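Enquirer: Just dropping this structure here.
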Amino acid sequence: MALRKISRMSEADHQLVTAAVADAEHHTSGEIVTIITDLSDHYEDIGIAWASGVAFVALATYATFPDVYMGLINRLTGGWGHEYTTNEYVALLLTAVALKWVGTWLILKWMPLRLWLTPKATKLARVRNHAISLFKVGTESKTVGRTGVLLYLSMLEHRAEIVADEAIASKVAPEVWGDAMVALLDHVKAGNPGQGVAAAVAQMGVVLAEYFPKGSENPNELPDRLIQL
């Protein structure tokens, strides 16, 4: 099922983030990359897991209370009793279970419900993994001093990640980025993701300027623009 794009940013947002990155990098040898997306994973396995669980519960219930369900079948067929053979009973049972599985799977094609039923830990892990994957492709070891850092925002999971290159990660503990995360999420919750990314970049610039001040040579090695996926 197609998702309505909620991370679409205005031209003003793009300009705001680009200016924030350029300003932050003016004071540091660090390079900041910003990426925003709607969703980090489609969680197809979660839909399959829930459908399988519902089907298993249905199977166990049918097997435990066969008379109840056979009576329901008789009423649906007009009240005419019928002695089902073992093969017929098994066929009815498997058909009912299959319908339960398919029905649940189709319902969970609706992404808001699938996301709601996805464990928080699973969402956090997959957002982190996607951020790391993007970092490895576009940021890691792409600067001379290995001073690239990625700010990643995944809107539907309500999660953001900061992933830093080797030189930065060796000096800056993850909790140091706390102010940047707070600035980002406060604006995102208020419905202003562009302002949130810009505010987070400003805070990241403060940290980078402290640990990696601008040197005599400071080429712009990574794009300043906001990347939308």
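The values are calculated or read from the model by the stated rules, or taken from the named source; none is laboratory data. Please read all numbers here as calculations on a predicted model, not as lab measurements. A quick note on method: Cβ atoms are made from the backbone with ideal geometry, for glycine too, and the neighbour counts reach across all protein chains shown.
Enquirer: Looking for something of a type outside the set (A, V, I, L, M, F, W, C), at pLDDT below 90 and part of a helix (DSSP H, G or I) - is there at least one such residue anywhere in segment 136-156?
Expert: Yes; the residues of segment 136-156 include at least one that is of a type outside the set (A, V, I, L, M, F, W, C), at pLDDT below 90 and part of a helix (DSSP H, G or I).
Enquirer: So residue 191 ticks every box in (1) under 16 Å from residue 32 (Cα atoms); (2) not in a helix (DSSP H, G or I) but one. Which box is left unticked?
Expert: (1)
Enquirer: So, in segment 34-48, how many residues would count as being surrounded by fewer than 23 Cβ atoms within 10 Å (Cβ to Cβ) and part of a strand (DSSP E or B)?
Expert: Of the residues in that region, 2 qualify.
Enquirer: Could you tell me how many of the residues in segment 1-25 are at pLDDT 90 or above and either among the small types (Gly, Ala, Ser) or part of a loop (DSSP other than H, G, I, E, B) (or both)?
Expert: The number of residues fulfilling the criteria is 5.
Enquirer: I'm told residue 101 meets every condition in (1) closer than 18 Å to residue 36 by Cβ; (2) at pLDDT 90 or above; (3) not basic (Lys, Arg) except one. Can you identify the failing condition by its number?
Expert: Here residue 101 meets the rest and fails (1).
Enquirer: I'd like the full set of residues that are free of Cβ contacts under 8 Å to residues at least 24 places away in the same chain and in a loop (DSSP other than H, G, I, E, B), limited to segment 108-126.
Expert: Within segment 108-126, 119 is the sole residue that qualifies.
Enquirer: Follow-up question, since we're still on this one. Residues in segment 196-217: is at least one in a loop (DSSP other than H, G, I, E, B), touching a strand residue (DSSP E or B) at 6+ places or on another chain (Cβ under 7 Å) and closer than 21 Å to residue 144 by Cα?
Expert: Scanning segment 196-217 turns up at least one residue that is in a loop (DSSP other than H, G, I, E, B), touching a strand residue (DSSP E or B) at 6+ places or on another chain (Cβ under 7 Å) and closer than 21 Å to residue 144 by Cα.
Enquirer: I want to confirm something. Restricting to segment 165-199 and keeping residues that are closer than 20 Å to residue 25 by Cα and under 19 Å from the mean Cα position of the chain (by Cα), which single residue is surrounded by the most Cβ atoms within 10 Å (Cβ to Cβ)?
Expert: The residue in question is 197.
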